[in-house]
Each structure stands twice: as C-alpha cells, then as structure tokens.
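Take a look at the structure below.
Read the figures in this text as sums done on the coordinates, not as results from a lab. Just so it is clear, the model here is predicted, and its values are computed rather than measured. When we count neighbours, we look across all protein chains shown, and the Cβ atoms used for this are built from the backbone with ideal geometry, even at glycine.
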Amino acid sequence: MAASPTLVIGTRGSPLALAQAHQTQDRLVAPHGWAVEHLPLSIIKTTGDAIQDRPLSEAGGKGLFTKELDIALLEGSIDLAVHSAKDLPTTLPEGIVIAGFLPREDVRDAFISHRFKSIGDLPQGAVVGSASLRRQAQIRRLRPDLQVTLLRGNVQTRLAKLERGEVDATLLAMAGLRRLGLTDHVTTTLETDDFLPAVGQGAIAIAIRAEDERVREAIAPILDAPTGQALAAERAFLTILDGSCRTPIAGHARLVGGELEFRGLVLRPDGSESLEAVRRGLPEDAVALGRDAGSELRSRMPPDFLKA
Ligand SMILES: NCc1[nH]cc(CCC(=O)O)c1CC(=O)O
C-alpha cells in the first residue's frame, strides 16, 4: 500500500473548536483507513480568542475568528480549517473556499437556568446574559420586561458565570453543548418555531485552498449534501442582508419531504419589531431561496431598523 498522505487540520484552541476538529479527524480516518497520526491538529490562536473585554461585534466582527486560520491555509502550514459555520463571515479571502459541511447537529438553542424552568417562567426583571445580538433581541421580543446583559467567554466560562449567579439564565447552542458533553446543563430546548437559530448554527464547515484538489477529494466522503443545501440558503440570505455582527439576524433552512424550507428573521436590537420571510422550493434553488427571502426583508425594513 502506498504511504498515506498527511492532512494538517487547523483549528482554534477552545474546547468546542477542539471537539469539532477531533470529530473531523475521526470522520476522516474511516473512509481512507488513515491513522490519526496522518491527520495532525495545528492549534492556532485567533484575534477573536484574545479579545475578552468587549463584544466582538464592536471589535470588528466575525473575521476575527478566521483570519489566522486563513493565513495558515494560504501559507500551506495547514491543509484544512475546521470552523463553526455560524462564526464564518459570508465572504472568505481570495483563494479560500468552504469545501462543505459535516452532517448538522441539533440546530436549536437551549435555555439554561438553575432557578427557572423556561423563558416564560422568569420573573420580571430577571437577568438573561448573552453575547449574541440575535439571542438578545429575540429574548427582548418575547419578554421586554427582562434585563438582558452581555455574557462573554467560551461555553464553559458562560456556564461558570451562570453557576456563580452573575445571571439568572443564559442561552447556548445545543450543538456546542452536545459536542462538549454538557447537555446535562440544559433546562429546556427552544423549538425553532419559537426561537430561530443563527445562520449556520449546528454545522461544522471545512475550509480549504480553492485550487487544492488533493484535499478536496480527501474530504469529499465526510461532507453532507443536505447540510450543504441548507447552509447555501442560509448564507445567501445573510449575504443579501450584509449580516454585520451589529444586526440581529436569524435564519434556518431544513429539508421537509423533498423541499427546502427557509425561514429568515431580522429584529430591532430592542426586540420591539421583527420581520420574517419564508420560502419553500427545490434544494437545487437553495441560493435563490435565501437571496429572495433576504431581498424581501431588506425591502420591508424601515431605514432606521438596524439602529438601536
Ligand atoms: N459563537 C460561539 C459559538 N460558535 C458556535 C457555537 C456552538 C456550535 C454551533 O452553533 O455549531 C458557539 C457557542 C454557542 O453559540 O452556544
């Protein structure tokens, strides 16, 4: 047998990022009969990891988690980069493409509280912490009487802050909690009809060099086509709305029967108003569905909509 080629997997160093990188590594072992030693991880610290004191939306947004990994890809020190699709900007640098996505995890958000059973159960004035403008705005829409505060840090840090009583409740993605084996903390899961996830939530994206056919072929067996179709619609929607991190935007596509169903939502940051668009169509038309929903919302949005 010929010597196996080596793929270097680039990842951030947070526990969630490492869990996702290990999942990618494990999935690549099976189809090729490679050993994990052929798929070493290269852990790369990003600007986003270093900023702890202010909301990332103020520090420059999503690219903060990808820039250093993009550079490593382009320089050739890694062969693929594993990302939470949710944290990826809509446009990647020249020369880098998303090859595809692993099969999607649970897309829902989880409500987590040690004292209260659900969002509806929170007493007036209770403090809900989240760093996500999307979650903040949706909470405010459901419960304008609550206090919504910034809660930053990785998943474990946020759970520790909740434990210490810094907030009464928080919301986290089910996908991350599952990957970290932390679902014991979940008080209740929020159905997508009531609380719409972020574009890309629950999906792991694999980025590669655009022209690297060797890597593209090697990872093809682990990519999931339905997830790719859903993400195509969601990311097209986000692109139309020019999803900056300052804008509360939610969007989710799923296959229902043979059809792709997309729901998109934009909210005022204070939750006082929201606009929703729904599209159904052929999975092949995913990009058009997402774009169309985005265009509809953009045309319906009053000019001042995105200001607080
Ligand atoms: N922004 C942080 C982030 N990026 C991806 C996930 C969870 C995993 C996923 O959504 O795929 C999380 C944590 C969270 O939102 O609870």
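Among the trypsin sites (Lys or Arg not before Pro) in segment 267-308, those located in a DSSP loop and surrounded by at most 11 other Cβ atoms within 10 Å of their own Cβ are 307. Distance from the C-alpha centroid of segment 93-114 to that of segment 130-167: 20 Å, rounded to the whole angstrom.
Think of each Lys and Arg Cβ as +1 and each Asp and Glu Cβ as -1; about the Cα centre, that makes the dipole of segment 124-234 roughly 400 debye. By DSSP, the beta bridges lying fully in the chain are antiparallel in about 75 percent of cases.
When shorter helices are ignored and each DSSP H run of at least 4 residues is given -39500 (n - 2.57), the per-residue value for the chain at 222 nm works out to -9500 deg cm²/dmol.
Net charge in the neighbourhood of residue 34 (other residues with Cβ under 14 Å of its Cβ; Lys, Arg +1, Asp, Glu -1) is -2. What the Kirkwood sum gives for segment 224-301 is a hydrodynamic radius of 12.3 Å, with every pair of different alpha carbons counted. Normalising the Debye intensity of the chain to I(0), with uniform scatterers on Cα atoms only, and taking log10 at q = 0.07 Å⁻¹ returns -0.27. In segment 109-190, Rg over Rh equals 0.92, where Rg is the alpha-carbon radius of gyration and Rh the Kirkwood radius from pairwise Cα distances.
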